[in-house]
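The values are calculated or read from the model by the stated rules, or taken from the named source; none is laboratory data. Every value quoted in this text rests on a predicted model; they were computed, and no experiment measured them. Here the Cβ positions follow ideal geometry from the backbone for every residue, glycine too, while neighbour counts run over all protein chains shown.
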Amino acid sequence: MIGSLISDILFGFTGLISIINPLGVAFVFLDRTEGLAGDERDALAKKVAVNSACVLLVAFFLGTPILHLFGISLEALRIGGGLAVAVSGWQMLNAPDVRTKEATARNVDADNAMSKAFFPLTIPLTTGPGSIATAIALNANRTHKLSEFLVSAVASIAISALIALAVYMTLSHSARFARYLGIEGTKVAMRISSFLLLCVGVQIMLTGISEFLIPIANLH
């Protein structure tokens, strides 16, 4: 049982962390929190990490019933969520480097930044449709056998906690990454992160579209 538990945790964590890509999210987070003090950014990073763990736990334990309740398929989740991610990436990719004083003033407002902790910083930028769909898929075939259910439940909680820790450690040190890279290096990293975010959103949409079309194509 212990071996199975460790295997489930490692499999789930590596799969989700590669989709979430907290290092790429760190530069997006830094861009969205420009002007905040270090302790304010740290508090916001902690809130995003906690929110991410909660989103994953909901996806693990209630994802499938919620989708069935509202009649939403995984394909629709991927297409809609992928569109939200792609739009966010496109907006950041085309954002000017020089911001107006009014925009800077909005960024300095800690309360305004905190109000964005769940949307868009947690959903869809950190735990987006890809990670939610993955979390749902990991437990889609969960059996009702007590021992297997307990192993799966413990693994889900452990994976969510590890993801939250990784997200917090990365986001809270985003300013340090920027100092290492310098002004120009940070600008390049932000543009690359924005482009990758756009590509991730498009890929999630394509996956949802292909999964929707394959059964139709098979009918013919």
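Return only the number of the condition from (1) farther than 18 Å from L121 by Cβ; (2) among the aliphatic types (A, V, I, L, M); (3) in contact (Cβ under 8 Å) with a residue 40 or more places away in the chain; (4) surrounded by fewer than 19 Cβ atoms within 10 Å (Cβ to Cβ) that M205 does not satisfy.
All conditions are met except number (4).
State the number of residues belonging to the stretch 13-25 that are under 11 Å from the mean Cα position of the chain (by Cα) and assigned to a helix (DSSP H, G or I). I'd like the intermediate steps shown before the answer.
In the first step, residues of the stretch 13-25 are kept if they are under 11 Å from the mean Cα position of the chain (by Cα); the result is 16-22, 24-25.
Filter again for assigned to a helix (DSSP H, G or I), leaving 16-20, 22, 24-25.
Residues flagged as under 11 Å from the mean Cα position of the chain (by Cα) and assigned to a helix (DSSP H, G or I) within the stretch 13-25 amount to 8.
Residue-by-condition table, conditions (1) touching a helix residue (DSSP H, G or I) at 6+ places or on another chain (Cβ under 7 Å); (2) among the aromatic types (F, W, Y); (3) crowded, with 22+ Cβ neighbours inside 10 Å; (4) farther than 20 Å from L67 by Cβ:
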{"position": "S115", "(1), (2), (3), (4)": "no, no, no, yes"}
{"position": "P124", "(1), (2), (3), (4)": "yes, no, yes, no"}
{"position": "V154", "(1), (2), (3), (4)": "yes, no, no, yes"}
{"position": "I163", "(1), (2), (3), (4)": "yes, no, yes, yes"}
{"position": "V167", "(1), (2), (3), (4)": "yes, no, yes, yes"}
{"position": "H173", "(1), (2), (3), (4)": "no, no, no, yes"}
{"position": "F177", "(1), (2), (3), (4)": "yes, yes, no, yes"}
{"position": "Y180", "(1), (2), (3), (4)": "no, yes, no, yes"}
{"position": "K187", "(1), (2), (3), (4)": "no, no, no, yes"}
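Is it the case that some residue within the stretch 40-49 is modelled with pLDDT of 80 or more, assigned to a helix (DSSP H, G or I) and closer than 24 Å to S210 by Cβ? Lay out the reasoning, then the answer.
Of all residues in the stretch 40-49, those modelled with pLDDT of 80 or more come to 40-49.
Of the ones still in play, those that are also assigned to a helix (DSSP H, G or I) are 40-49.
Remaining after also requiring closer than 24 Å to S210 by Cβ: none.
No - not one qualifying residue is present in the stretch 40-49.
Can you tell which of L57, L36, L10, L69 is assigned to a loop (DSSP other than H, G, I, E, B) and among the hydrophobic types (A, V, I, L, M, F, W, C)?
Values: L57 fails: assigned to a loop (DSSP other than H, G, I, E, B); L10 fails: assigned to a loop (DSSP other than H, G, I, E, B); L69 fails: assigned to a loop (DSSP other than H, G, I, E, B).
The match here is L36.
Regarding T170, is this residue in a helix (DSSP H, G or I), modelled with pLDDT of 90 or more and within 17 Å of the chain's Cα centre (by Cα)? Before you say what the answer is, go through the steps one by one.
Values: in a helix (DSSP H, G or I): yes; modelled with pLDDT of 90 or more: yes; within 17 Å of the chain's Cα centre (by Cα): yes.
Spelling it out, T170 is indeed in a helix (DSSP H, G or I), modelled with pLDDT of 90 or more and within 17 Å of the chain's Cα centre (by Cα).
Among the residues of the stretch 50-82, write down those that are modelled with pLDDT under 95 and among the polar types (S, T, N, Q).
T64, S73
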